[in-house]
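Since every read-out is calculated from the coordinates, none of them should be taken as a lab result. Computed from a prediction, not measured in an experiment: that's the story for all the values here. Here Cβ is always computed from backbone atoms with ideal geometry, including for glycine, and neighbour counts include all displayed protein chains.
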Amino acid sequence: MRKGLGKGKGKGYKNIQGRDPKIHSDSARGRKQPQRMPNLSKLENEYKVLLNNDIRDFSQGLENIKTKKRMDEIEKTFKDSEKRLKFIKEQSPKRFTKAMEEQAIDNEEKDSIFQGETDLGKINEKFNDSDLRQFSGGDNYYSWSILFPRFKLTDGTKYLSEKAQAYWLMDIVGSYQSSPKFRGEEFQVWKLKKGKGKEAIVTADDGNDNILRTQKIPYTDFFDKYDGDEIKLYFTNGIILLPSEY
């Protein structure tokens, strides 16, 4: 609180009454105040909301500078590069590409970050439709992200996510479910189609070829691991599954 300042009546610093005199005392002695640690859980929830808005704007050809700036700020909070990159990849593939360029991490380091407990050699082997058709339904369901606790994967989609490091694709499916356009669709068909170079296109329809959403993926190495040009997923009753499991 300042008293008498603004009309020549003030006496400078002595006339400023701080809420905590100790802060001024420590500051005068060059002592730094302890900084409060960020609430990472709260930031992740905020990031989820921003990501949903970003995906919506992106699909409509729009760009919100304030949203992107805040997402950048949250990402920078994760100062440890491995945790930061893992967090970004789980949330948004297009922003992960930018982060990878900034960090200049080579392929070997990327594998060490994201392989988890899965054998790296098996990840690098290509898989195809024949591998996916071995999954024909079951009673096992898996959560994959704290951001989407209501949605589950099956044995088949869990295998797909680990084999192609494609949990980001499951995140895209989960992210759109909060949109009013998707809430009324009890059955959805999601497709990832190979584009030019490393590009890909994600489309969602209502099962009758009525397109609900299309999203361009500017970079993905999914088709370096999958021997095909298109992958199809179903979403129903909060479960993402392969066609062979339906």
Exercise. Rg(Cα) of region 120-175 divided by 2.2 N^0.38 Å?
Worked result: 1.16
Problem set entry | Cross-link pairs beyond the 31 Å C-alpha cut-off, checked among K66/K198; K66/K232; K42/K158 | K66/K232
Exercise. When only DSSP loop residues count, what GluC sites (Glu not before Pro) in region 152-246 have their Cβ near at most 12 other Cβ atoms within 10 Å?
Worked result: E186
Problem set entry | Cα gyration tensor shape for region 162-246, rounded if a/c is under 1.5, else prolate or oblate | prolate
Seminar exercise, completed: Semi-axes a, b, c in Å (a largest) for region 162-211, each sqrt of 5 times a Cα gyration tensor eigenvalue, come to 21, 14, 9
For this session: Sort K66, K191 so that the residue with the fewest other Cβ atoms within 10 Å of its own Cβ comes first and the one with the most comes last.
Result: K66, K191
Problem set entry | Sorted by Cβ density within 10 Å, fewest first, the residues L233, L192 | L233, L192
